[in-house]
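Only one structure is covered here, and it is reproduced in the block below.
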Amino acid sequence: MSQKYNKLSDYTISLSQISLYSILKLNLNQLKMMSDFDIPAHYYRYIPMFEEYLEMLDNGEKKAYIILHLAEKYNVSDSTVKRVLKALSLRVKV
């Protein structure tokens, strides 16, 4: 259930509720950087998968095996794993 905020005092941060504005304001710099580099916000959910990929790679596992393993474990397609690994591996200049 959404709730409307009409006064400036309605935007103050509370431990039990927080407005969308407050979330965006708290993360403004990170969101701007993500937008500048066309990083999809939902990629946050792939961080554990990417960390597991790096660990398996360090342990000498073959990329093809890693991709199959991660696709099965995280219930996504092989192409999704490949796309995410490629995107999260990119280096960007800031």
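Read-outs throughout are calculated quantities, based only on the coordinates presented, and are distinct from any laboratory measurement. Everything numeric in this text was worked out from a predicted model, so none of it was measured. Here the Cβ is made from the backbone with ideal geometry for all residues, glycine too, and neighbour counts use every protein chain on show.
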Next on the checklist: Using a 7 Å offset from the Cα along the Cα-to-Cβ direction at both L26 and V76, what is the distance between the two label points in nm, to one decimal?
Outcome noted: 2.5 nm
Item to check | Distance in nm between pseudo-label sites at L57 and V92 (7 Å out along the Cβ direction from Cα) | outcome: 1.8 nm
